[in-house]
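Colleague: Quick one: the structure is below, questions incoming.
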Amino acid sequence: MATSLHSVNHALFKSASTSSLSPSPVFRLNSTTAGFNFKPLISSSSAIITRAAVSSSESGESHNRETFHGLCFVLKDNIDTDQIIPAEYGTLIPSIPEDREKLGSFALNGLPKLYSERFVVPGEMKSKYSVIIGGDNFGCGSSREHAPVCLGAAGAKAVVAESYARIFFRNCVATGEIFPLESEVRICDECKTGDVVTVEHKEDGSSLLINHTTRKEYKLKPLGDAGPVIDAGGIFAYARKAGMIPASSSG
Amino acid sequence: MASSVISSSPFVCKSSSSSKKDLGFSSFTKSSQISIHRCQKKSISRKIVSVMAPQKDRSPGTTGSVKTGMTMTEKILARAAEKSLVVPGDNIWVNVDVLMTHDVCGPGAFGIFKREFGEKAKVWDPEKIVVIPDHYIFTADKRANRNVDIMREHCKEQNIKYFYDITDLGNFKANPDYKGVCHVALAQEGHCRPGEVLLGTDSHTCTAGAFGQFATGIGNTDAGFVLGTGKILLKVPPTMRFILDGEMPSYLQSKDLILQIIGEISVAGATYKTMEFSGTCIENLSMEERMTLCNMVVEAGGKNGVIPPDATTLNYVENRTSVPFEPVYSDGNASFVADYRFDVSKLEPVVAKPHSPDNRALARECKDVKIDRVYIGSCTGGKTEDFMAAAKLFHAAGKKVKVPTFLVPATQKVWMDVYALPVPGSGGKTCAQIFEEAGCDTPASPSCGACLGGPADTYARLNEPQVCVSTTNRNFPGRMGHKEGQIYLASPYTAAASALTGHVTDPREFLQ
């Protein structure tokens, strides 16, 4: 759902130049079914509607998305926010750098005993794992941003899950703390904690997870609507590019 | 301007059949003026064309063109985005009516607000922000206490009108402004109004959908953005419809209904979707029962829950606010992505077994599960009616509890109701009296309490691997504290019945 391509409000791009990071407007047309309940054009504040290819590619631009390489940490389904960061650490304020660091040290502390490996070794501040692999409904539960923040603070670069809970996904996108990617198959059943992996982004907007230990490759779903926000660096950067809020104020 | 040849709508083209294609394009947009004229030139006399000159700024809503039906949620978001039409999948910038935050996420949200908009920045509207400390209040944890102090500073600086402050942690009653659990306080203080957009830095913000508004949880960064702009970027969700008909059995509560539904569709069954509840059963629910239903929409992955406002809603709301509002309702020809129907008269009390809210089982089939404690509280199951229900069952049973039974009223008002309101059928006894007679713990200071564990000294926190029947909303590993704790989510009736037997118990054992 997050990754399927839909129309975007044109008001966003009122004052944005046709920079490489603005997605093209999308023309949406549904065929009439017995003349009933057809969907009209998405309304636009500009009189010009350009036809764009309805594909996941944002033609012609490079995304400048980092390639992530390192060890992976494998989790199963329904990893809720309390397992990612137990609620008792919710007293730490993510926007305070020292607190954020502490949050990183507690990342995935809430995992039950069946996970024998610790994501962050007790006493350390950062994790040796760069990519987290998950199953369905990753990040379900709370809206607390402490969840993606602690993972990012611990040094993880990307999550590759089969599917996400919406608030967690949204928080990843808004904060830019960790890259949320969706797999097409249950990678969590085919990878083991400690496997060496690379997450590669292609020019056409798609991504790939390469497991060097098992020598298998997995195509990942394109980011869809979230792509432009992630590429910009989070919701604030995106809104600035779109002219929704003024350019960064100092201090 | 209407003539007999052409209808009053410029978008209805009466010429050739090729116009049908244009119809598909021509609603609501300026660009469609091009297609209208193409259509008209073919078939209509010059005279009428000149009457139908383009009206550049004509509001699409006045055209009278064929109307695409919208669901309640789509309508609320369309209006908040100042659009006449939205469809699921649209990413739109929406005006926010109310932003709520609490002690856990408030400091972070304001921190981001200042970082991004500047140290001297002012919030978009100091009367549309409601700050409700409720999560980690009655604790010695210094960081938790610091967070309430931080919120006080922000509210003072920004002149935030609604800050339900607490300074005396030793005696909650000594704090006239303090309310308690944010979602219950929002409703009680009149901040929930039909047709509005309410955002909160808490996943259970969806509770307010009971009032026929769009309400959902967001993170600190989004909240920081809203603080500065009063807007948020949202993707319009498709709506799943749940029609609940039939007469509610006397032993069933809306907690049973929502656990039934979550068990049906799973914890990801409504991801990114709206859950719309209607039907005769819903119409007969009180506002608090409707709140319980919408509260756990997030446990099914739902983006928001909605219930069409009716006389019950208006009666509640109009007694608490004088801010004008305008309810909306789903159109008859709106599109729903799924339809579920339930005959509630056939349903039985259920629980969600460890460790997932969708791990549904009939309460009566869990009667061999020995339990260590019972917890009645939280936004889900700590409202006045929840305590009334538990008291009613205790009174009917006339017995004492067999396990420690913790009671945490959600707000100051609930606490007062527990001590003041007579329980029907008890000969004038209050909940508090009945609880005492049954051997429950004394009702505690109102807050979120142990629902989410909290700092180590939180009242009723699960500090050992015990089995707890709880009226709360989540039972993932470690939710109430200890990682090996086993939490059975249940209705207040089921929780009370279980307390009396020391096992998970169907309330019909005591209520028939």
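The values are calculated or read from the model by the stated rules, or taken from the named source; none is laboratory data. Being a predicted model, the structure only gives us computed values, none of them experimental. A quick note on method: Cβ atoms are made from the backbone with ideal geometry, for glycine too, and the neighbour counts reach across all protein chains shown. All accessible areas refer to the heavy atoms of the entire protein, side chains included, with ligands and DNA or RNA removed. Shrake-Rupley method; radii C 1.70, N 1.55, O 1.52, S 1.80 Å.
Colleague: Give me the residue from the range B:142-174 that is in contact (Cβ under 8 Å) with a residue 60 or more places away in the chain and buried (at least 17 other Cβ atoms within 10 Å of the Cβ) and, out of that set, farthest from the other protein chains (Cβ to nearest Cβ).
Modeller: B:PHE172
Colleague: Quickly run through the range B:454-474 and pick out the residues that are surrounded by fewer than 24 Cβ atoms within 10 Å (Cβ to Cβ) and among the polar types (S, T, N, Q).
Modeller: Once the filter is applied, which keeps residues that are surrounded by fewer than 24 Cβ atoms within 10 Å (Cβ to Cβ) and among the polar types (S, T, N, Q), the range B:454-474 yields B:ASN463, B:GLN466.
Colleague: Sticking with this structure for a sec: Suppose we filter B:GLU119, B:GLU127 for residues that are more than 27 Å from the chain's Cα centre (by Cα) and open to solvent by 10 Å² or more (accessible area, probe 1.4 Å); which single one remains?
Modeller: The conditions single out B:GLU119.
Colleague: Among the residues in the range B:480-497, are any polar (S, T, N, Q), under 18 Å from B:ASP368 (Cα atoms) and open to solvent by 10 Å² or more (accessible area, probe 1.4 Å)?
Modeller: Yes; the residues of the range B:480-497 include at least one that is polar (S, T, N, Q), under 18 Å from B:ASP368 (Cα atoms) and open to solvent by 10 Å² or more (accessible area, probe 1.4 Å).
Colleague: Where in the range B:266-323 are the helices (runs of 4 or more DSSP H), entirely inside, with at least 2 residues that are closer than 30 Å to A:GLY139 by Cβ?
Modeller: In the range B:266-323, B:287-295 are the helices (runs of 4 or more DSSP H) which contain 2 or more residues that are closer than 30 Å to A:GLY139 by Cβ.
Colleague: Go through B:GLU276, B:GLU247 for me and flag whichever is away from every other protein chain (no Cβ under 12 Å) and open to solvent by 20 Å² or more (accessible area, probe 1.4 Å).
Modeller: The conditions single out B:GLU247.
Colleague: Select from the range B:85-122 the residues that are assigned to a loop (DSSP other than H, G, I, E, B) and facing chain A (nearest Cβ under 7 Å) and write down the one among them that is nearest to B:THR167 (Cα to Cα).
Modeller: Of everything passing the filter in the range B:85-122, B:VAL104 is nearest to B:THR167 (Cα to Cα).
Colleague: Residues that are free of Cβ contacts under 8 Å to residues at least 40 places away in the same chain and more than 17 Å from A:PHE73 (Cβ to Cβ): find the helices (runs of 4 or more DSSP H) completely inside the range A:158-251 holding 1 or more of those.
Modeller: Once the helices (runs of 4 or more DSSP H) in the range A:158-251 are filtered for at least 1 residues that are free of Cβ contacts under 8 Å to residues at least 40 places away in the same chain and more than 17 Å from A:PHE73 (Cβ to Cβ), what remains is A:166-175, A:235-241.
Colleague: Does any residue of the range B:385-400 turn out to be in contact (Cβ under 8 Å) with a residue 40 or more places away in the chain, touching a Lys or Arg at 6+ places or on another chain (Cβ under 9 Å) and either charged (D, E, K, R) or on the phi > 0 side of the Ramachandran plot (or both)?
Modeller: Checked against the condition, which is being in contact (Cβ under 8 Å) with a residue 40 or more places away in the chain, touching a Lys or Arg at 6+ places or on another chain (Cβ under 9 Å) and either charged (D, E, K, R) or on the phi > 0 side of the Ramachandran plot (or both), the range B:385-400 yields at least one hit.
Colleague: If B:VAL414 meets every condition in (1) away from every other protein chain (no Cβ under 14 Å); (2) under 26 Å from A:ARG144 (Cβ atoms); (3) in contact with a strand residue (DSSP E or B) (Cβ under 6 Å, 6 or more places away or on another chain) apart from one, which number is that one?
Modeller: B:VAL414 satisfies every listed condition except (3).
Colleague: Kindly provide the set of residues from the range B:160-176 that are among the polar types (S, T, N, Q) and more than 27 Å from the chain's Cα centre (by Cα), ordered by number.
Modeller: Of everything in the range B:160-176, those that are among the polar types (S, T, N, Q) and more than 27 Å from the chain's Cα centre (by Cα) turn out to be B:THR167, B:ASN171.
Colleague: Could you check, for the range B:207-229, whether at least one of its residues is open to solvent by 10 Å² or more (accessible area, probe 1.4 Å) and within 14 Å of chain A (Cβ to nearest Cβ)?
Modeller: Yes; the residues of the range B:207-229 include at least one that is open to solvent by 10 Å² or more (accessible area, probe 1.4 Å) and within 14 Å of chain A (Cβ to nearest Cβ).
Colleague: Here's something else I'd like to know. Considering only the range A:123-167, state which residues are touching a Pro at 6+ places or on another chain (Cβ under 9 Å), within 14 Å of chain B (Cβ to nearest Cβ) and of a type in the set (Val, Ile, Thr).
Modeller: Across the range A:123-167, the qualifying residue is only A:VAL149.
Colleague: Given the criteria part of a loop (DSSP other than H, G, I, E, B) and hydrophobic (A, V, I, L, M, F, W, C), does B:CYS192 qualify?
Modeller: It is true that B:CYS192 is part of a loop (DSSP other than H, G, I, E, B) and hydrophobic (A, V, I, L, M, F, W, C).
Colleague: Which residues, taken from the range A:96-126, are under 18 Å from A:VAL149 (Cβ atoms), assigned to a loop (DSSP other than H, G, I, E, B) and open to solvent by 80 Å² or more (accessible area, probe 1.4 Å)?
Modeller: A:GLU124, A:LYS126, listed by residue number.
Colleague: Okay, moving on. Filtering the range A:175-190 down to residues that are open to solvent by less than 10 Å² (accessible area, probe 1.4 Å) and not β-branched (Val, Ile, Thr), which residue is nearest to the other protein chains (Cβ to nearest Cβ)?
Modeller: Restricting to residues being open to solvent by less than 10 Å² (accessible area, probe 1.4 Å) and not β-branched (Val, Ile, Thr), the top hit is A:PRO180.
Colleague: Which condition from (1) of a type in the set (A, V, I, L, M); (2) more than 25 Å from B:GLN188 (Cα to Cα); (3) surrounded by fewer than 22 Cβ atoms within 10 Å (Cβ to Cβ) is the one that B:VAL236 breaks?
Modeller: Result: B:VAL236 passes all but (3).
Colleague: Follow-up question, since we're still on this one. In the range B:203-247, which residues are in contact (Cβ under 8 Å) with a residue 24 or more places away in the chain and assigned to a loop (DSSP other than H, G, I, E, B)?
Modeller: B:GLY212, B:GLN213, B:GLY219, B:GLY230, B:VAL236, B:PRO237, B:PRO238, B:GLY246, B:GLU247
Colleague: Restrict the check to the range B:358-368 and report whether at least one residue is closer than 30 Å to B:VAL98 by Cβ and out of contact with any helix residue (DSSP H, G or I) (no Cβ under 9 Å at 6 or more places or on another chain).
Modeller: No, the conditions are met nowhere in the range B:358-368.
Colleague: Filter the range B:327-379 down to the residues that are in contact with a Phe, Trp or Tyr (Cβ under 7 Å, 6 or more places away or on another chain) and open to solvent by 50 Å² or more (accessible area, probe 1.4 Å) and list them by number.
Modeller: Passing the criteria: B:TYR340, B:LYS353, B:HIS355.
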